[in-house]
Structures are given as structure tokens and as C-alpha cells.
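Take a look at the structure below.
The values are calculated or read from the model by the stated rules, or taken from the named source; none is laboratory data. These figures come from a predicted structure and were not determined experimentally. Cβ: placed from backbone, ideal geometry, glycine included. Neighbour counts: every protein chain shown. Just the protein is used for accessible areas: all its heavy atoms, side chains included, with ligands, DNA and RNA removed. Shrake-Rupley method; radii C 1.70, N 1.55, O 1.52, S 1.80 Å.
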Amino acid sequence: MTETSGLEAPGAEKVLKVALLGGGTVGSQVARILLEDADALAARAGARLVLTGIAVRNVDAPRDVELPRELYTTDAEKLVAGADLVIELMGGIEPARTHILAALKNGASVVTGNKALLAQDGAALFDAASANNADLNFEAAVAGAIPIIRPIRESLSGDRITRVLGIVNGTTNFILDAMDTTGAQFADVLAEAQRLGYAEADPTADVEGLDAAAKAAILASLAFHTRVSLEDVRCEGITKVTADDIAAAQDAGMTIKLLAIAELITAGDGADGTAAEGVSVRVHPTLLPRKHPLAAVHGAFNAVFVEADNAGSLMFYGAGAGGAPTASAIMGDVVSTARRIAAGAPGAPGAATRALPILGLDAVTTSYSIGLEVADQPGVLSRVAAVFAEHGVSIETMRQTVDGAPGLAAADRWSAGGRAELRFVTHPASEAALAATVADIKNLDVVESVTSVLRVEGV
């Protein structure tokens, strides 16, 4: 804490110097709140929060929020050195990592929304915070305005969380929701999302699932008190989801969502004869029944389910992005952190207290929806079904549509080049068995192609 913080003056109003790194959409809203609501924030935090500067790359760049020009600086290093509390909203790995570590080593607490950095290097940041009696808070890193980090980190700390699953990326939810509503193809809806500002010019991090994977790593680390990095997350995006997949889901009374799923799995017998636990974390397009609460999350909104032994199932829903909503989450962390500093309380402990193994997909039990294009001839269905049986995978439902010449009898369609589409939904089975089933089905001479493979939840 800097010697000019004001905390040393008995009877005087306590003052905390706040440095803001990043003046973009969210940073500008955070600065606005700090300036406009200064008195109310002081009352809630127990100290006056003085914004000492906003570090940006270009002080003259146009901005949506009008703020005093003298607050802007390009010298982030000097700003951090004089701060009691640093708000990092630069994004990316560097120089954000360097500035956060410098702040923590100075004893200043940090509030950040940097999911990529936390997922990649959270362990080093938490260690630095703990070593210097500082806080590292990050409510805005996962689901925008939705309060999900603090409930998992604090409210459920006395419970045993077994599963976290949810929609944590607004861009992909907007795209899949629009495909479901309009029947349009992925590329067309992506272009519309970019036009409306829901998707970046380079949407790779969103549509390939990387943004959701970073958030899944953070949620898993907190929920299971073990360190999970981005590399531990099995990730699959939505670029292969077609209008036909959406239509088939609708026909089955389902919808497709990109879900982040983190779960505690009993992996077998431990060395002492007890059940051994491990953690599985994955992101992928998922079929959900339309009656499932997550199926009703539309547009760019987010929602997260948490399942715990005693609390049962909890759902958190709200705006997953946007300047003002995300700034709300940032400011919640700021007030909480300032209150702790003003009271002279010790810094919050890091998230990891266990070292559970990270399990691959082979340890996961799930259901699949598998779409096939096959020759429309007798015996095809029995041959495909035999492959499922060979691997011990039970079929729950099967649908068939035919793409042959109209008016032909069933026995004549094969000679006319007829094709059929088969869609299977399996009962829960191991990922290993399901993957082997799909691989062997691809090798059948009557199978033209495997058109889609989607996992199913909530059935």
C-alpha cells in the first residue's frame, strides 16, 4: 500500500488510489462509475476511491464515454507503481501479466476481467497475490454481469460442487439461437452477428470455443479447488453446426447450444481402496431438450448451472457482455476489495487447495446424436445397429429420412441412387465406446458419410 493512501491518518477519511489499465468499452464505463458515484462508493467501501489515471495506448483516440482528458496516460508502469488497487481491463497476456504481477508484488490488490490470462497463468498470479497479502478478484472474467465467481468461491465453499455447465459465450449463443429461429446457415448468421456488433471481425476465439474454454478452466478451478488451465480443456467450436443439424434437433424436440461443462468424476479406485476423483472440463456444441432451462437462453445472454451435494441445482442468468453490465461486475469486486483493504484484513486465499487429476474424454459418460448418410437399401439399418451393439452402446431413438427419386417404391430407390439419412440418439455410454462406434461406422461400405456427431445433455 502506498504511503499516500490516506489510511494512516487517524479520524480522516480513508483514501485508496485506483489505477485503471484499459480505457475501452468496459474500462470507460468503470471510470464513469468511479467518478459519478464517488460518494456512494466511499460509503459502501469504507474508503474514498480516487481514480489516479487510465492507462491507454493512445490518449487522443475517440471514446464513447466523455472523461477528463488529464486522466489518460500511456505510462502504465508509473500508474501501477503508485496504486493501492489496480483494475486491469487491457485484455491479452502481455503486458497485462507484467502489470498485474508488478502490482501484486507492490502489495496492491488487483481486479481483472482477463479470462485468457487467468486460464493460462492463473497459478502464478494467485501465488503472487498470496505471497504479498493482496487480493486478486475476477468476477467479470467469466459471465459479464452474472455473479457466478463469488457464489462458487464463497457462498458454496461449504458444499461439494459436482458439476458446472452453462452458456458462457454470448456470440455463439446469438449465432445458434438465430440459426434455430431462422433456419439460416452458420456463415450467414455469423455475418449478421458481425454487422450487429455481437461478433468480432476475427471471431475465431468465440466460434472455435476458445473463449468459452478459458472461462470453463476458471470455473473448474474454483468449483473443484484444483488448478485447471486452458490446455486441460477439450474444446470444439460451432463452425461445423449446419442448418440440417438445427432442423434435426427441432424435429427431435431439442436445440443446440455451445456448453462449457466441468464435472467431478469418480475415476476408479484410489490407492487406499477408496473411490478416486478427477476433473473433466470440456466445451462443445450440445443437444438439449427444449424443456431444459438452458434451452430458453436466447440472444447473447449467458446462463450457468451449478450442481452441489447440498444446495442442489442452481442457475445464474443474465447479460454475459457489454460495457455497463461488465462494469457492474468489476465494480462489485472493486468495492469488496476496497472494503477489505480499508479494514486491514488479510488478502483472500487462492483458489487451489487440492491437486485432483485432470481426466480426458475417455473418463466421461455421455449420450451422442449421430447423423449418417447411407445407401437406401435393405439391411443397412441392421448393419449400423450391429456396430453400436458391438461396442456396447445402446440406441435410444432413431429417425430416418429418404432423399430418393419421388414416386419410386422402396425396393427400386437403391438402383435410382437413393440415399437415406439416419439419426441416432444413444443412451449414456463412455466417450471411448462412442468414439470407437463412430470410427467403425465410418468404415461401413453402405455409409456415405457421418454428417454430424453431437453430444446430448439433459435427457
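Summary of values
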quantity	calculated
Cα-Cα P(r), the stretch 74-202, percent of pairs per 5 Å interval	2, 9, 15, 16, 15, 13, 11, 9, 6, 3, 1
Selected from VAL380, ILE167, VAL456, residue furthest toward positive end of dipole (the chain; charges at beta carbon)	ILE167
Charge dipole (debye, nearest 20) of the stretch 123-226; +1 at Cβ of Lys and Arg, -1 at Cβ of Asp and Glu	420 debye
Per residue value of the accessible surface for the chain (all protein chains in place, 1.4 Å probe), Å²	43 Å²
Cβ-defined net charge surrounding ARG455, 12 Å radius [Lys, Arg +1; Asp, Glu -1]	0
Charge dipole (debye, nearest 20) of the chain; +1 at Cβ of Lys and Arg, -1 at Cβ of Asp and Glu	780 debye
Accessible area in the full protein assembly, largest first, 1.4 Å probe, for SER328, SER155	SER155, SER328
Under the Karplus curve 6.51 cos²θ - 1.76 cosθ + 1.60, θ = phi - 60°, whole-Hz ³J(HN,Hα) for the stretch 150-158, x wherever Gly or Pro sits	5, x, 6, 6, 10, 4, 9, 5, x
Computed over the stretch 1-143: relative contact order in percent, which uses C-alpha pairs under 8 Å that are six or more apart	22 percent
Extension gain, ALA436 back to ARG69 (0.36 nm per residue minus Cα-Cα distance, nm)	126.0 nm
Furthest towards positive pole of dipole, GLY418, ALA103, ALA262, structure part the chain, Cβ charges	ALA103
For the chain, share of DSSP beta bridges that run antiparallel, in % to the nearest 5	70 percent
14 Å beta-carbon shell around PRO285, net charge (K/R +1, D/E -1)	-3
Principal axis dimensions, largest first and in whole angstrom, of the stretch 212-327 by Cα	50, 39, 31
Dimensionless Rg over Rh [the stretch 171-258; C-alpha; Kirkwood]	1.04
For the chain: rounded, prolate or oblate by the Cα gyration tensor [a/c cutoff 1.5]	prolate
Expected 222 nm ellipticity per residue - DSSP helices of 4 or more, -39500 (n - 2.57), all of the chain, to 500	-10000 deg cm²/dmol
Cα centre as origin, Lys/Arg/Asp/Glu Cβ charges: the stretch 1-141 dipole, Debye	100 debye
Accessible carbon and sulfur surface of the chain relative to its total accessible area, %, 1.4 Å	51 percent
The stretch 171-311: relative contact order in percent, alpha carbon pairs under 8 Å with at least 6 residues between	27 percent
DSSP H segments from the chain that extend 24 Å or more along their own axis, Cα-based, with Kyte-Doolittle mean of -0.5 or above	323-343
Rough spin-label spacing in nm, given labels placed 7 Å along Cα→Cβ, for LYS240 and LYS78	5.3 nm
Around ASP177: net Lys/Arg minus Asp/Glu count, Cβ-Cβ under 15 Å	-3
